[in-house]
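Here you go, one structure.
Every number in this text was worked out from the coordinates using simple rules, so none of it is lab data. All figures in this text were calculated on a predicted structure; none of them were measured in a lab. We place every Cβ from the backbone using ideal geometry, glycine too, and count neighbours over all the protein chains shown.
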Amino acid sequence: MTAPLDGITVLDLTHVLAGPFASTQLQDFGARVIKVERPGSGDDTRAFPPFVQGESAYFAALNHGKQSIALDLKAPEDRAIFDRLLARADVILENFRPGTMEKLGYGWEALRAHHPRLIYGAVSGFGHTGPEAGKPAYDMVVQARGGVMSITGEENGPPVRVGASIGDIVAGMYLVQGVLAALFARQTSGRGAKIDISMLDAQIAIQEHAIAITTATGVAPGRTGARHQTITPFSTFRASDGFFVIAAGNDALFARLCVALGDPALATDPRFATNAARCENVHLLKRRIEAITLEHTSAHWIGLLEANGVPTGKVQDMAEALADPQVLARNMVLPVASEPGRPDFMAAGNPVKMTGLAEPAARAIAPRLDGDRAAILHWLDEGQG
């Protein structure tokens with residue numbers, strides 16, 4: 001079985017999250033990813049907890065299946081190796097502060113002059129243009145600057161960072177999209193391209209609803225907890241044993257919800273008969289619903305709602321989510337291959353299910369720092385034959 005990116009070689013100079021997240025997806029699609037790391041310490045995440053037998057589970061979850069070579073791009077001998085790698089590569093990824101690659105002599109203009117088919121992917125906090133292009137940023141910074149934190153958290157409470165690092169992850173996803181588009185375009189043009197991804201840009205791009213509200217009304221939306229701002233009921237609700245969610249996205253679903261709750265007359269109450277009315281009376285409606293749902297467990301209500309075709313689900317912690325039969329059936333929790341003397345780790349599976357793309361039983365092993373130097377140099381020597 002041939003994966004879509006079989007034969008594509010990616011030089012991955014990225015570290016921590018946004019870039020490695022992108023190169024992992026490219027590796028999932030079949031690309032060979034050569035991780036170029038700093039000698040001595042390597043990717044910062046090698047030092048991130050939790051650790052098992054001295055190795056980082058965080059690093060393993062993001063870098064399985066890649067190869068590692070340690071190169072000092074200021075040292076002549078290592079630059080010579082890197083130049084040979086560039087001659088064989090299809091894609092180079094980096095997430096340094098803008099200007100760093102230029103100082104090393106490997107900026108986009110220099111690279112495309114010598115390697116016109118090379119695709120250059122860069123991800124940074126604010127991108128390579130604009131008045132703040134050179135500023136550093138982390139996930140929390142772009143969540144704050146991009147407005148995400150302003151709409152996340154409980155009503156009248158402080159702004160809250162989204163628990164998953166969406167500032168990095170969404171930027172990494174857009175980087176993958178850009179690389180795939182550039183690879184497709186290269187088939188016709190024969191030329192590579194530069195992809196410049198800003199983490200801040202990516203946060204703006206994912207907020208279609210907040211943008212629509214702000215631009216249409218002139219008023220920026222605030223925090224509403226788990227509740228959707230323009231659909232009701234679309235939130236968390238209390239059962240006798242904890243929280244579950246109800247997502248009744250239209251009048252028909254609301255009527256089915258009322259039947260499941262044993263109060264069908266609620267659907268014709270003028271205060272709740274339309275979505276606009278329900279949004280106007282959202283707090284009253286929640287009290288009415290919870291007066292009923294608190295009488296039984298979440299499993300009881302989820303069973304009734306599902307039987308009536310109402311979208312619902314338990315609010316699961318990560319241990320529950322990773323043991324969820326649907327998640328497991330989709331091959332989304334996989335062991336990372338190991339070897340004698342090295343620890344066992346787990347990682348997420350590939351969420352892109354695609355004909356012709358194999359579903360592995362395990363993730364390939366995470367590389368030791370510089371652990372693939374000999375194999376990579378041998379591959380370079382073979383290419384000279």
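Among H283, G222, V170, which residue has its Cα positioned farthest towards the positive end of the charge dipole of the chain, with +1 placed on the Cβ of Lys and Arg, -1 on the Cβ of Asp and Glu, and the dipole taken about the Cα centre?
Most positive-ward Cα: G222.
So if I take the centroid of the Cα atoms in segment 9-80 and the same for segment 214-271, what is the distance between those two points in Å?
44 Å
Quote the relative contact order of segment 234-316 in percent (integer), defining contacts as alpha-carbon pairs under 8 Å separated by 6+ residues.
44 percent
What's the tally of Lys pairs in the chain whose alpha-carbon atoms lie under 27 angstrom apart, where the two lysines are 8 or more places apart or on different chains?
Here the count comes out as 18.
Using the crude model of +1 on Lys and Arg Cβ and -1 on Asp and Glu Cβ, and no other charge, please compute the dipole size for the chain relative to its Cα centre, in debye to 20.
Roughly 540 debye, rounded to the nearest 20.
Please list the non-local residues whose amide H lies under 5 Å from the amide H of G313, H modeled 1.01 Å from N, same-chain partners needing a gap of 5 or more.
V245
While we're here: Which residues' amide hydrogens lie under 5 Å from the amide hydrogen of I197, considering only partners 5 or more residues apart or on another chain, with H built in the peptide plane?
For I197, the qualifying residues are A122, V123, S124.
Mean separation of Cα pairs under 8 Å and 6+ residues apart, divided by the residue count of the chain: what relative contact order is that in percent?
18 percent
Count neighbours as other Cβ atoms within 10 Å of each site's Cβ, and list the trypsin sites (Lys or Arg not before Pro) in segment 19-77 that are DSSP loop with at most 10 such neighbours. Mind showing how you got there, number by number?
On the way: sites: R32, K35, R46, K66, K74; in loops: K66, K74.
For trypsin sites (Lys or Arg not before Pro) across segment 19-77 that sit outside H, G, I, E and B with at most 10 neighbouring Cβ atoms in 10 Å, the list reads K74.
Trypsin sites (Lys or Arg not before Pro), restricted to segment 246-307: which are DSSP loop and have at most 13 other Cβ atoms within 10 Å?
Those that pass, being in a loop and sparsely packed, are R271.
Now, a different point. Highest first, please rank the peptides 113-120, 193-200 by the mean number of other Cβ atoms sitting within 10 Å of their residues.
Going from most to least packed, we get 193-200, 113-120.
Continuing with this model, one more query. Taking the Cα centroid of segment 317-380 and of segment 117-143, what is the distance between the two, rounded to the nearest whole Å?
Between the Cα centre of segment 317-380 and that of segment 117-143, the gap is 28 Å.
Still on this structure, please answer the following. Using only helices, what value at 222 nm comes out for the chain when you add -39,500 (n - 2.57) per DSSP H run of length 4 or more and divide by the total residues, to the nearest 500 deg cm²/dmol? Present the calculation step by step, with values, prior to reporting the outcome.
Details: 16 runs with 150 residues, N = 385.
Mean residue ellipticity at 222 nm (helix-derived): -11000 deg cm²/dmol.
Next question, about the same structure. Based on other C-beta atoms within 10 Å, arrange Y138, Y174 from fewest to most.
Neighbour counts put them in this order, fewest first: Y138, Y174.
May I ask you to sort S189, S150 by Cβ crowding, counting other Cβ atoms within 10 Å and putting the fewest first? It would help to have the intermediate numbers written out before the result.
Working: S189 11, S150 17.
By the 10 Å Cβ count, ascending: S189, S150.
What percent antiparallel are the DSSP beta bridges of segment 1-91, to the nearest 5?
20 percent
Shifting gears a bit: Enumerate the helices in the chain for which the Kyte-Doolittle hydropathy averages -1.0 or more and the C-alpha atoms extend at least 24 Å along the helix's axis, using complete DSSP H runs.
Within the chain the helices that satisfy the rule are 166-189.
Something else: Using amide H atoms built in the peptide plane, which far-off residues or other-chain residues are under 5 Å from A70 H to H?
HN-HN under 5 Å from A70: E37, D370.
Taking 8 Å as the Cα distance limit and 6 or more residues as the minimum spacing, I'd like the relative contact order of segment 281-380 as a percentage.
Relative contact order for segment 281-380 comes out at 17 percent.
Computed from the coordinates I sent, Rg/Rh (Cα atoms, Kirkwood Rh) equals one of [x] 1.02; [y] 0.97; [z] 1.04. Tell me the label.
Only one option fits the structure, namely [z].
Restricting attention to segment 264-349, which GluC sites (Glu not before Pro) occupy a DSSP loop and are surrounded by at most 16 other Cβ atoms within 10 Å?
E295
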